[in-house]
1. Any residue in the stretch 12-36 that is within 12 Å of Ala60 (Cα to Cα) sitting within a Cβ distance under 6 Å of a residue that is open to solvent by 60 Å² or more (accessible area, probe 1.4 Å)? List the pairs, counting only those 6 or more apart or interchain.
2. Go through the stretch 241-273 residue by residue and tally those that are assigned to a strand (DSSP E or B) and within 19 Å of Asn159 (Cα to Cα).
3. Only one residue in Ala150, Ala155, Ala115, Ala131 is among the hydrophobic types (A, V, I, L, M, F, W, C) and away from the ligand (no atom under 16 Å from the Cβ). Which one?
4. Conditions first: (1) assigned to a helix (DSSP H, G or I); (2) within 14 Å of the ligand (Cβ to nearest atom); (3) within 25 Å of Tyr126 (Cα to Cα). Ala49 passes all but one, so which condition is the exception?
5. Yes or no: Thr210 touching a residue at least 12 places away in the same chain (Cβ under 8 Å) and open to solvent by less than 20 Å² (accessible area, probe 1.4 Å)?
6. Within the stretch 1-35, work out how many residues are in contact with a Ser or Thr (Cβ under 6 Å, 6 or more places away or on another chain), within 16 Å of the ligand (Cβ to nearest atom) and of a type outside the set (Asp, Glu).
7. Which residues, counting only those in the stretch 146-171, are over 25 Å from Arg277 (Cβ atoms) and either under 17 Å from the mean Cα position of the chain (by Cα) or crowded, with 17+ Cβ neighbours inside 10 Å (or both)?
8. Being outside any helix (DSSP H, G or I), β-branched (Val, Ile, Thr) and out of contact with any Leu (no Cβ under 6 Å at 6 or more places or on another chain) narrows it down to one residue among Thr206, Thr276; which is it?
Amino acid sequence: MSRWLVVGCDGMLGQDLVAALGEKPGAHEVTAVDRDVLDIRDSDACLAAVADHDLVVNVAAWTAVDDAESHESAAFAVNAVGAANLARACSAAGARMVQVSTDYVFAGDATSPYAEDAPLAPRSAYGRTKAAGEWAVQALCPQSWIVRTAWLYGAHGPNFVKTMARLAAERDTVSVVDDQRGQPTWTVDLAAAIVRLVEAEAPFGTYHGTSAGETTWFGFAQAIFAELGLDPARVLPTTTDAFPRPAPRPAYSVLGHEAWRGAALDLLPSWRESLTRAIPLVAPTS
Ligand SMILES: NC(=O)c1ccc[n+]([C@@H]2O[C@H](COP(=O)([O-])OP(=O)(O)OC[C@H]3O[C@@H](n4cnc5c(N)ncnc54)[C@H](OP(=O)(O)O)[C@@H]3O)[C@@H](O)[C@H]2O)c1
């Protein structure tokens with residue numbers, strides 16, 4: 001039985017990952033910790049926590065994308081130094097590591113899906129800190145998988161699906177940007193994919209943990225309204241310029257999935273099919 005350490009277990013993805021592992025009783029021995037037990041900025045604490053584990057999944061992160069613009073060193077301490085601390089501890093313990101990363105490591109100005117080995121060119125502070133985390137993990141723990149994800153939503157954290165459900169109850173119409181493309185990804189699908197990746201002993205390297213298919217935030221919002229039994233015409237298209245934010249948003253964040261195919265692993269489902277399954281759990285109507 002392999003001994004897993006899930007770091008960041010109280011976050012949106014962390015909770016669904018622990019639940020996915022819980023559905024396989026006896027398959028793995030799972031220790032789940034969050035910041036109150038293990039602050040990943042503390043290298044000695046990481047060494048102690050990782051000892052006696054075979055695998056560490058790091059889903060802890062500074063995820064406040066806009067705040068990172070004005071607090072880059074604080075975000076770097078978690079997303080880069082924290083990831084490095086865990087990677088060093090994994091090497092010392094002979095453990096493997098899964099590091100969850102983001103589409104924000106890319107420039108976001110492509111016109112076809114980003115390959116796993118496309119050059120990193122982050123445009124935001126958050127993206128820079130996550131790119132540094134990837135490099136640190138690759139350098140310090142070669143027995144590692146980088147899993148980049150994007151547009152995550154789930155039952156256990158604030159996210160776009162919940163925001164749309166709330167705004168639908170408050171307003172007649174909702175304006176949503178139609179000039180950013182990506183892949184809405186349910187945390188339950190990603191958690192299952194991470195477990196598959198490790199259990200299959202897939203080749204170490206970089207994988208894109210996003211749904212199949214693509215859409216814009218506007219298209220995603222219309223689908224959410226439809227799933228909630230509401231009129232999708234209440235969602236109006238707008239542009240990024242209408243919603244200025246501290247951190248630049250990628251116009252094109254579609255990630256390719258060749259590495260999954262190369263490892264003969266099942267891809268994540270299509271975003272649209274997953275939304276139908278997710279809505280009753282993420283935004284229940286009663
Ligand atoms: N959400 C998205 O749309 C998205 C998109 C692309 C990539 N990702 C990546 O996916 C992963 C999971 O994201 P998520 O949405 O599940 O994030 P989340 O809900 O914000 O959870 C992150 C967790 O990390 C913990 N944490 C923060 N600083 C820590 C520290 N110094 N030591 C230990 N734990 C710490 C947080 O605890 P506190 O609550 O106490 O701070 C929280 O429980 C992250 O790597 C993120 O970068 C997310």
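The values are calculated or read from the model by the stated rules, or taken from the named source; none is laboratory data. Computed from a predicted structure; not experimentally measured. Cβ atoms come from the backbone with ideal geometry, glycine included; neighbour counts cover every protein chain shown. Remember, those area values only see protein heavy atoms, side chains included, never the ligands or the DNA or RNA. Shrake-Rupley method; radii C 1.70, N 1.55, O 1.52, S 1.80 Å.
1. Hits for this filter: Met12/His156; Gln15/His156; Asp34/Asp10.
2. Number satisfying all stated conditions: 1.
3. One residue alone meets the criteria, Ala115.
4. (3)
5. yes
6. Within the stretch 1-35, residues that are in contact with a Ser or Thr (Cβ under 6 Å, 6 or more places away or on another chain), within 16 Å of the ligand (Cβ to nearest atom) and of a type outside the set (Asp, Glu) number 3.
7. Ile146
8. Matching residue, one of Thr206, Thr276: Thr206.
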